[in-house]
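Some notes on the structure that comes next.
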Amino acid sequence: MPLSDWLKHRRQQLAGDPAGKRTVPGGIWSKCANCGETIYQRDILENLHVCPECDHHFPPSPDEWVAALLDKDSWRQTNSNLTPEDPLGFIGRKSYKESLAAAMAVTDGHEGIMTGHGRLADRAVYLGVMDFRFIAGSMGAVVGEKVTRLFESAKDERSPVIMVAASGGARMQEGMLSLMQMAKTTAAVARHSDAGLPYISILTNPTPGGVLASFASLGDIIIAEPRAHIGFAGPRIIQQPLGEELPKGFQRAEALLEHGMIDKIIHRRDLRNELAGLLGYLAGETSSKVGATR
Ligand SMILES: [Zn+2]
């Protein structure tokens, strides 16, 4: 088959793939869900999962986030042994047990968040990275416990915390136990803050619901990725009772910055250097001492 025909066939295949609307599909070529361009997948991977054509930010895995942000070989994962329970015996369209098994199969057993510590530009940091692949990065008891332990350990070690949020909100399959994590994580962030230690929150696409309404919005500095969707309830839920069109760009990072809800929008390629600068600033260093070298 000539290359042009193969490309046409591949484009048709990808156009009919509903999963392609949320993620970069597998294979050598990918169709960008945002601009529709067919792109050599290696170009996207080498570009930190950012589309080279339209700048759309796709979600990296937690391992890829760690590699992008931290100094080489400095990462130590913590609390990876925590596994979820099914306290309600929840059964929806499928059972919670089945959802957990499917989510476990596509992640590395870190549940909805990977936590640990390492060094960023030779500075000790505690880092949490949520994983949207695990039941939409929702916060159940394990995510809440891991976030809490992350802040408690960082407090004990007198270290800053960086959190990369990506979540669908609370994990409804755990009912009230999920909602309780909002108060629990908020208290842990407060104790870390009371000890005079900095917390930088990075909101990626999407960050709604109970995660935004607790630890994700409590950073001393709140950063968002370009065009990330950030808001408590979804636009449709808000629009229904209002009965009117929502403004263009509603709940996007740019609108939140304009209204003072976040501090800065940073492109992924600049994130590591900017974090290094911010950590130095928060540690009280002058700008001449602040730098980001691997
Ligand atoms: Zn694109």
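The values are calculated or read from the model by the stated rules, or taken from the named source; none is laboratory data. Being a predicted model, the structure only gives us computed values, none of them experimental. Cβ coordinates were reconstructed from backbone atoms using ideal geometry, including for glycine residues, and neighbour counts include every protein chain displayed.
Being touching a residue at least 60 places away in the same chain (Cβ under 8 Å), outside any helix (DSSP H, G or I) and within 11 Å of the ligand (Cβ to nearest atom) holds for only one residue in Asp71, Asp55, and it is Asp55.
For the stretch 192-202, the criterion of being aromatic (Phe, Trp, Tyr), surrounded by 19 or more Cβ atoms within 10 Å (Cβ to Cβ) and in a strand (DSSP E or B) is met by at least one residue.
Within the stretch 40-52, the set of residues being basic (Lys, Arg) and within 13 Å of the ligand (Cβ to nearest atom) is empty.
Filtering the stretch 48-77 to residues that are of a type in the set (A, V, I, L, M, F, W, C) and crowded, with 19+ Cβ neighbours inside 10 Å leaves Val50, Cys51, Phe58, Trp65, Val66, Leu69, Leu70. Working only within the stretch 270-285, note down all residues that are within 11 Å of Val125 (Cβ to Cβ) and touching a helix residue (DSSP H, G or I) at 6+ places or on another chain (Cβ under 9 Å). Of everything in the stretch 270-285, just one residue is within 11 Å of Val125 (Cβ to Cβ) and touching a helix residue (DSSP H, G or I) at 6+ places or on another chain (Cβ under 9 Å), namely Leu275.
If I filter the stretch 26-39 for residues that are at pLDDT 50 or above, closer than 20 Å to Arg268 by Cβ and away from the ligand (no atom under 11 Å from the Cβ), do I get at least one hit? No, the stretch 26-39 contains no residue that is at pLDDT 50 or above, closer than 20 Å to Arg268 by Cβ and away from the ligand (no atom under 11 Å from the Cβ). The condition of being modelled with pLDDT of 90 or more and loosely packed, with under 15 Cβ neighbours inside 10 Å holds for only one of Lys94, Lys21, that being Lys94.
Matching residues to (1) in a helix (DSSP H, G or I); (2) surrounded by 13 or more Cβ atoms within 10 Å (Cβ to Cβ); (3) not assigned by TED's automatic domain parsing to the domain that holds Cys35:
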site	(1), (2), (3)
Ile222	no, yes, yes
Ile230	no, yes, yes
Arg236	yes, no, yes
Glu244	no, no, yes
Gly249	no, no, yes
